[in-house]
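Here the structure comes first, spelled out in structure tokens, and everything after it is commentary.
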Amino acid sequence: MNRTPMDRLALVLVIIGALNWLLVGVAGYDLVTGIFGGNLFTGNMSVFSRIIFALVGIAGLYTISLLFRPSPATEGE
């Protein structure tokens, strides 16, 4: 796979975000605010939690570009 380090980092952050939302949906537990402080459900989040959520959101926006790039397998064709 010919992905850049930025592509890989963005994908890892998106996967972390997806797993966090899975925990929120299934167990009602927010791992990010559990680790970094605050409570997502009351709106009281620590600065660190907000930074993590912002980074995951930016990574999600970045990964949209992966949808419109040619696949590494078809670049040589």
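Going by the structure shown, is residue 7 surrounded by 11 or more Cβ atoms within 10 Å (Cβ to Cβ) and at pLDDT below 90? Reasoning before the result, please.
Details: surrounded by 11 or more Cβ atoms within 10 Å (Cβ to Cβ): yes; at pLDDT below 90: no.
No.
Could you check residue 34 against (1) surrounded by 13 or more Cβ atoms within 10 Å (Cβ to Cβ); (2) within 24 Å of residue 6 (Cα to Cα) and say which number it fails?
The one condition residue 34 does not meet is (2).
Listed residues 28, 34, 38; which is in contact with a Lys or Arg (Cβ under 9 Å, 6 or more places away or on another chain) and modelled with pLDDT under 95?
Matching residue, one of 28, 34, 38: 38.
Take residue 68 and tell me if it is in contact with a Ser or Thr (Cβ under 8 Å, 6 or more places away or on another chain) and among the aromatic types (Phe, Trp, Tyr).
Answer is no for this residue.
Output the residues belonging to the range 41-77 that are of a type in the set (Gly, Ala, Ser) and either modelled with pLDDT of 90 or more or under 18 Å from residue 6 (Cα atoms) (or both).
Scanning the range 41-77 gives 54, 57, 59, 60, 65, 71.
Across the range 20-31, which residue is surrounded by the fewest Cβ atoms within 10 Å (Cβ to Cβ) among those that are within 30 Å of residue 71 (Cβ to Cβ) and without any contact (Cβ under 8 Å) to a residue 12 or more places away in the chain?
22
Only one of 65, 49 is surrounded by 15 or more Cβ atoms within 10 Å (Cβ to Cβ), polar (S, T, N, Q) and within 17 Å of residue 15 (Cα to Cα); which? First the steps, then the outcome.
Numbers: 65 fails: surrounded by 15 or more Cβ atoms within 10 Å (Cβ to Cβ).
None of the others qualify; the one that does is 49.
The values are calculated or read from the model by the stated rules, or taken from the named source; none is laboratory data. Values in this document were obtained by computation on a predicted structure and should not be read as measured data. In this analysis, Cβ positions are derived from the backbone assuming ideal geometry, glycine residues included, and neighbour counts consider all displayed protein chains.
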